[in-house]
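Engineer: Have a look at this one before I ask anything.
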Amino acid sequence: MAGNKDPLAGVQVVVWDDMSGLVALDTTGPDGAYRLAIKGKAAVRNLWVQIYENDLPVSEPVFMQTQIDCEHGFQMYQVNWRQLAQESIN
């Protein structure tokens, strides 16, 4: 979200890990929405996600860890960038 609470369209959402580098990326649509699929077999992975605009980071990286066990099954993560920004202000 932009400072005026409008969705950020046309920014890149980048996912990487420390071992292999870039894992996935997508560009946000007009409503700020994006969807990323992490390819490969299920594994415990330490991933980072961050927003870039014009090839420069415009957010702090957010850490996520995937799971491998069957209890978690298909995993979906949602990052609320507005909430994170407000938490860092407080």
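Bear in mind these aren't lab numbers, they're just calculated from the coordinates by the rules spelled out. Note that this is a predicted model, so its numbers are computed, not measured. Note: ideal-geometry Cβ built from the backbone for every residue, glycine included; neighbour counts use all protein chains shown.
Engineer: Ordered by residue, what ³J(HN,Hα) values in Hz, to whole numbers, does segment 11-26 give under the Karplus form 6.51 cos²θ - 1.76 cosθ + 1.60, where θ = phi - 60° and Gly and Pro are x?
Structural biologist: Once rounded to whole Hz, the list reads 9, 9, 9, 10, 10, 9, 10, 6, 8, 10, x, 4, 10, 6, 7, 8.
Engineer: Here is a further query. Tell me, what HN-Hα J-couplings in whole Hz come from the Karplus equation 6.51 cos²θ - 1.76 cosθ + 1.60 at θ = phi - 60° for each residue of segment 30-43, using x for Gly and Pro?
Structural biologist: With coefficients 6.51, -1.76 and 1.60, one gets x, 9, x, 7, 8, 8, 10, 10, 8, 7, x, 6, 4, 7 Hz.
Engineer: For V58, enumerate residues with amide H under 5 Å from its amide H, sequence gap 5+ or separate chain, H modeled in the peptide plane.
Structural biologist: Result for V58 returns I51, Y52, E53.
Engineer: Given H placed 1.01 Å from N in the peptide plane, which residues other than close sequence neighbours of V23 have an amide H under 5 Å from its amide H?
Structural biologist: V15, W16, D17
Engineer: Neighbouring Cβ atoms within 10 Å as the yardstick, rank I38, I51, I68 fewest first.
Structural biologist: Taking fewest neighbouring Cβ atoms as first place, the list is I68, I38, I51.
Engineer: State the extension gain, in nm to one decimal, for the chain segment bounded by Y77 and Y52, taking 0.36 nm per residue of separation less the distance between their alpha-carbons.
Structural biologist: Details: separation 25, 0.36 × 25 = 9.00 nm, distance 1.86 nm.
So the chain would gain 7.1 nm between Y77 and Y52.
Engineer: What list of ³J(HN,Hα) values in whole Hz, one per residue of segment 62-68 in order, does the Karplus curve 6.51 cos²θ - 1.76 cosθ + 1.60 (θ = phi - 60°) give from phi, with Gly and Pro shown as x?
Structural biologist: Per residue, the Karplus-derived 3J(HN,Hα) values read 10, 8, 9, 10, 7, 10, 10 Hz.
Engineer: So, one more: What is the set of long-range amide H partners of Y77 at a cut-off below 5 Å, with H atoms built 1.01 Å from backbone N?
Structural biologist: none
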